[in-house]
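Q: Encoded as structure tokens, here's the structure I'll be asking about.
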Amino acid sequence: MVNDSRISGFYKLPREERIKKVIELTGIDEEEIQPLVDPGAVDLEVLDHMIENVIGSMTLPLGIATNFRINKKDYLIPMAIEEPSVVAAASNAARWARKCGGFTAEDTGPIMIAQIQAIEIAEPQKAKKDILGEKERLISLANEQDPILVRFGGGAKDLRVRIIDTKIGQMVITELIVDTRDAMGANAVNTMAEALAPEIELISGGRVLLRILSNLADLRLVRVKATFDKEMIGGKDAVDVMIAAWAFADADPYRCATHNKGVMNGIDAVVIATGNDFRAVEAGAHSYASVGGYSSLTKYEKDDDGNLVGSIEIPMAVGLVGGATKIHPVARACVKILGVESGLELAHVIASVGLAQNAAAMRALAVEGIQRGHMALHARNVAATAGARGEMIDKVATRLVEEKNIKVERAKEIIEELRS
Ligand code: MEV
């Protein structure tokens, strides 16, 4: 846990100094952080056992978002992402929220749904009644598959049955509701669904096909709220135009897709850094946004003082045990830097970053025009590509932006000029 995540000028420090600061503030030891700061230190043997046909690894930049305070606790947040502006934007919005007390987060518990599909059922209503009649026995059978999860207070908690109409007739879908505690839970719930399949066939007289979790994890929601200081955003008009930007997204799916993509910029970056399944989180987010018509994952309004109040509600199927989070040394280092103690705490952090990211994007678009921010970062990339290092990067980038000529060739000329 860090005492204070507000680090002024973190971005100006040389990389080595940033690393030192993270070590100093989080207490992570040098050995633990090594695989993160030196991709060459990641043992390929570990990766070779994660997927098939491994020949190497793909390295993404990993930045630290500063200024986050969530449920009164400060965090330095590792974000793995290839897109410029994202880490800076999240840190900025976290600063606006920090002024008003930070983010408050709550959740509905780590609850996943597993589906068991039964077809060729002569009397679906009767099958439904019969399956529900055996509910307690089926839940016990599911829990026998994972005594450790049950010992930690998790396990199957409920069972429901839905009859759905499909193009090839009615199907009976049994859904097992499972508390997966600190695990994302895919393996646990799939194993439970697997174990129930023969029983469902016997009870229903039908044929069971799919047994798999649902990524529409609408029982595993995180809700985060934050007040963004109106002066830091740019005053009353800035707040008003940001609300107008949100209202546009909420009313129009073409805009909303991009708006929600911006939310996911922040979310995916932390999900990836912590070794979680970002496809699962993406699927959950967009399917949840589509329930009742595709709409914004976030909401905005003004408080009595004219500050901007933002909130997000999003499924968040992430964990701390199992999968790459425990195996991948970089993910382990990121979890250590975050200082989260449970899967739910990690989910709170991730959703808070999503809200911050969205607020920052809306301000960039509605208040300052996103192109300017993007151009500045693009210019720094071009300067670095042309060979600029250290302080030279900013000098070259500033010239490129002033000249409105952000090209590697021009950057090389400026570097020559500055050197001579
Ligand atoms: C770019 O990656 C994300 C934005 O397009 C999000 C948005 O439009 O709200 C800036």
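Q: Would you say ILE119 is out of contact with any Lys or Arg (no Cβ under 8 Å at 6 or more places or on another chain) and at pLDDT 95 or above?
A: Answer is no for this residue.
Q: Quick check on this structure: which one of ALA280, ALA269 is in contact (Cβ under 8 Å) with a residue 24 or more places away in the chain, out of contact with any Gly (no Cβ under 9 Å at 6 or more places or on another chain) and of a type in the set (A, V, I, L, M, F, W, C)?
A: ALA280
Q: So the check is Cβ under 7 Å with 6+ separation or different chains; which pairs have a first residue in region 382-406 that's basic (Lys, Arg) and a second one that's open to solvent by 60 Å² or more (accessible area, probe 1.4 Å)?
A: LYS395/LEU418
Q: All but one of (1) more than 16 Å from the ligand (Cβ to nearest atom); (2) over 18 Å from VAL224 (Cα atoms); (3) touching a Gly at 6+ places or on another chain (Cβ under 9 Å) hold for ILE70; which doesn't?
A: Among (1) more than 16 Å from the ligand (Cβ to nearest atom); (2) over 18 Å from VAL224 (Cα atoms); (3) touching a Gly at 6+ places or on another chain (Cβ under 9 Å), the lone unmet condition for ILE70 is (2).
Q: Kindly indicate whether any position in region 385-394 is within 12 Å of the ligand (Cβ to nearest atom), closer than 26 Å to ALA273 by Cβ and in a helix (DSSP H, G or I).
A: Among the residues of region 385-394, not one is within 12 Å of the ligand (Cβ to nearest atom), closer than 26 Å to ALA273 by Cβ and in a helix (DSSP H, G or I), which makes the answer no.
Q: With of a type in the set (D, E, K, R), open to solvent by 10 Å² or more (accessible area, probe 1.4 Å), closer than 17 Å to ARG220 by Cβ and away from the ligand (no atom under 16 Å from the Cβ) as the only criterion, which of GLU345, GLU282, GLU341 stands out?
A: Criteria check complete, one pass: GLU345.
Q: Now, a different point. Consider region 359-386. How many of its residues are at pLDDT below 95 and either closer than 23 Å to VAL241 by Cβ or open to solvent by 30 Å² or more (accessible area, probe 1.4 Å) (or both)?
A: Within region 359-386, residues that are at pLDDT below 95 and either closer than 23 Å to VAL241 by Cβ or open to solvent by 30 Å² or more (accessible area, probe 1.4 Å) (or both) number 19.
Q: Now for a separate question. Could we say that LYS135 is touching a strand residue (DSSP E or B) at 6+ places or on another chain (Cβ under 6 Å), at pLDDT 95 or above and not polar (S, T, N, Q) here?
A: It is true that LYS135 is touching a strand residue (DSSP E or B) at 6+ places or on another chain (Cβ under 6 Å), at pLDDT 95 or above and not polar (S, T, N, Q).
Q: Next up: So, in region 47-98, of the ones that are charged (D, E, K, R) and not in a loop (DSSP other than H, G, I, E, B), which residue ends up least open to solvent (accessible area, probe 1.4 Å)?
A: Among residues in region 47-98 that are charged (D, E, K, R) and not in a loop (DSSP other than H, G, I, E, B), the one least open to solvent (accessible area, probe 1.4 Å) is ASP74.
Q: Select from region 285-315 the residues that are open to solvent by less than 40 Å² (accessible area, probe 1.4 Å) and among the β-branched types (Val, Ile, Thr) and write down the one among them that is nearest to the ligand (Cβ to nearest atom).
A: Restricting to residues being open to solvent by less than 40 Å² (accessible area, probe 1.4 Å) and among the β-branched types (Val, Ile, Thr), the top hit is THR298.
Q: With the structure loaded, tell me whether GLY102 is surrounded by fewer than 23 Cβ atoms within 10 Å (Cβ to Cβ) and more than 18 Å from the chain's Cα centre (by Cα) or whether it fails that test.
A: For GLY102, the condition - surrounded by fewer than 23 Cβ atoms within 10 Å (Cβ to Cβ) and more than 18 Å from the chain's Cα centre (by Cα) - is met.
Q: Quick check, is ILE350 within 16 Å of the ligand (Cβ to nearest atom) and in the same structural domain as PRO84 (by TED's automatic domain parsing)?
A: no
Q: Right, here's the next one. Run down GLY153, GLY101 and say which single residue is in a loop (DSSP other than H, G, I, E, B) and in contact with a Lys or Arg (Cβ under 7 Å, 6 or more places away or on another chain).
A: Going through GLY153, GLY101 in turn, just one is in a loop (DSSP other than H, G, I, E, B) and in contact with a Lys or Arg (Cβ under 7 Å, 6 or more places away or on another chain): GLY153.
Q: Moving on. Output the residues belonging to region 24-45 that are assigned to a helix (DSSP H, G or I) and either of a type outside the set (A, V, I, L, M, F, W, C) or more than 24 Å from the chain's Cα centre (by Cα) (or both).
A: GLU24, THR26, GLU30, GLU31, GLU32, GLN34, PRO35, PRO39, GLY40, ALA41, LEU44, GLU45
Q: Mind checking which pairs have a first residue in region 143-158 that is in the same structural domain as ILE131 (by TED's automatic domain parsing) and a second that is open to solvent by less than 60 Å² (accessible area, probe 1.4 Å) and small (Gly, Ala, Ser), Cβ under 7 Å, 6 or more apart or different chains?
A: Pairs found: ASN143/GLY155; ASN143/ALA156; GLN145/ALA195; ASP146/GLY155; ASP146/ALA188; LEU149/GLY155; LEU149/ALA188; ALA156/ALA142.
The values are calculated or read from the model by the stated rules, or taken from the named source; none is laboratory data. This structure is a prediction, so every number in the text was calculated from the model and none was measured. Glycine gets a Cβ as well: all are built from the backbone with ideal geometry, and neighbour counts include every protein chain shown. SASA here: full protein model, heavy atoms, side chains in, ligands and nucleic acids out. Shrake-Rupley method; radii C 1.70, N 1.55, O 1.52, S 1.80 Å.
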